[in-house]
Amino acid sequence: MIKNISKLNIVRIGSDITYSSLKKIGSGILESFCGLIKEVDFSHHDSPVVESIDAQLLTMILDEEYAGHTLGITDADLKTEDDDEFYNSILGGKNPKNDVAVVSTNKLTPQNLNTDRKYGLFIDRTLKVSLHEVGHNFGLTDHASYRPARNGLLCPMSRGEFNKFGYRGYVKVIIDGRGKNFCDECIHFLKSVYGHRRPSKHFLKDALVPSAH
Ligand SMILES: [Zn+2]
Ligand SMILES: [Zn+2]
């Protein structure tokens, strides 16, 4: 479980996404994880221009370099070792062995990005996939069913089925269908696990002491 939860490192890998877009994503994350994440820190990770990156390897590199609660955003395709071709390229992932989640914008880009509306959609999608992966960092799990939050939109942890839609369809139905508010069950989980935390110096210090197991 994450030791220092109140700060999130957002790391850009590659350079397609602008700094101001990253800031929008950062403030969206702060809003959705209101009270839990209190600070976001932005960094740029230099990497050679590549078409695809091994997702697992990337989380390990970021963990070594940044440590702690981290979200990497890249425009390269994220690959996994899954034999099924459909699953070996992912929108986002989280390494359960550390507190690093990664998101690929590669399949989130609308067909042409030349209008403000399309660019807004692109940022929105990246934020929604980021919320899902950061949610995993906090211990939230996928909803296989389409679970609405109170505002009627899908909870960011809704996963649905890839195979049913194909990538483009999946992005339109599931990612675009997600809102930015978590459902009651997710909120209950976050409250019961982290709700008692108070942002006092003493408590944060204690929270940083590595657990014995
Ligand atoms: Zn998930
Ligand atoms: Zn939920």
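Tabulated values for the structure
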| quantity | calculated |
| --- | --- |
| Residue that is surrounded by the most Cβ atoms within 10 Å (Cβ to Cβ), among those in segment 85-100 that are part of a loop (DSSP other than H, G, I, E, B) and in contact with a helix residue (DSSP H, G or I) (Cβ under 9 Å, 6 or more places away or on another chain) | Asp99 |
| Close pairs from segment 127-155: first farther than 17 Å from Tyr170 by Cα, partner charged (D, E, K, R) and surrounded by fewer than 23 Cβ atoms within 10 Å (Cβ to Cβ), Cβ under 8 Å, at least 6 apart | His136/Lys94; Asn137/Lys94; Ala149/Asp184; Arg150/Asp184 |
| Residues that are within 13 Å of the chain's Cα centre (by Cα) and among the aliphatic types (A, V, I, L, M), drawn from segment 14-36 | Leu22, Ile25, Ile29, Leu30 |
| Residues of segment 49-59 that turn out to be part of a helix (DSSP H, G or I) and without any contact (Cβ under 8 Å) to a residue 40 or more places away in the chain, as a count | 2 |
| Yes/no for Asp99 being on the phi < 0 side of the Ramachandran plot, within 16 Å of ligand 2 (Cβ to nearest atom) and under 14 Å from the mean Cα position of the chain (by Cα) | no |
| Residues (touching a residue at least 40 places away in the same chain (Cβ under 8 Å) and over 13 Å from His69 (Cβ atoms)) located in segment 16-46 | Asp16, Ile17, Ser21, Leu22, Lys24, Ile25, Gly28, Glu31, Ser32 |
| Condition broken by Lys180, with the remaining ones in (1) in contact (Cβ under 8 Å) with a residue 60 or more places away in the chain; (2) within 16 Å of ligand 2 (Cβ to nearest atom); (3) touching a strand residue (DSSP E or B) at 6+ places or on another chain (Cβ under 9 Å) satisfied | (3) |
| Wholly enclosed helices (runs of 4 or more DSSP H) of segment 105-204 bearing at least 1 residues in contact with a His (Cβ under 7 Å, 6 or more places away or on another chain) and at pLDDT 90 or above | 116-137 |
| Failed item in (1) within 11 Å of ligand 1 (Cβ to nearest atom); (2) free of Cβ contacts under 8 Å to residues at least 60 places away in the same chain, with Thr109 passing the rest | (1) |
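Rundown of residues vs (1) out of contact with any Pro (no Cβ under 7 Å at 6 or more places or on another chain); (2) among the polar types (S, T, N, Q); (3) crowded, with 20+ Cβ neighbours inside 10 Å; (4) more than 23 Å from Tyr19 (Cβ to Cβ), yes/no style:
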site: Leu71; (1), (2), (3), (4): yes, no, yes, no
site: Thr80; (1), (2), (3), (4): yes, yes, no, yes
site: Val102; (1), (2), (3), (4): yes, no, yes, no
site: Thr105; (1), (2), (3), (4): yes, yes, yes, no
site: Leu113; (1), (2), (3), (4): yes, no, no, no
site: Tyr119; (1), (2), (3), (4): yes, no, no, no
site: His143; (1), (2), (3), (4): yes, no, no, yes
site: Arg147; (1), (2), (3), (4): yes, no, no, yes
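The values are calculated or read from the model by the stated rules, or taken from the named source; none is laboratory data. Note that the structure is a prediction, hence the values are computed from the model and not measured. We place every Cβ from the backbone using ideal geometry, glycine too, and count neighbours over all the protein chains shown.
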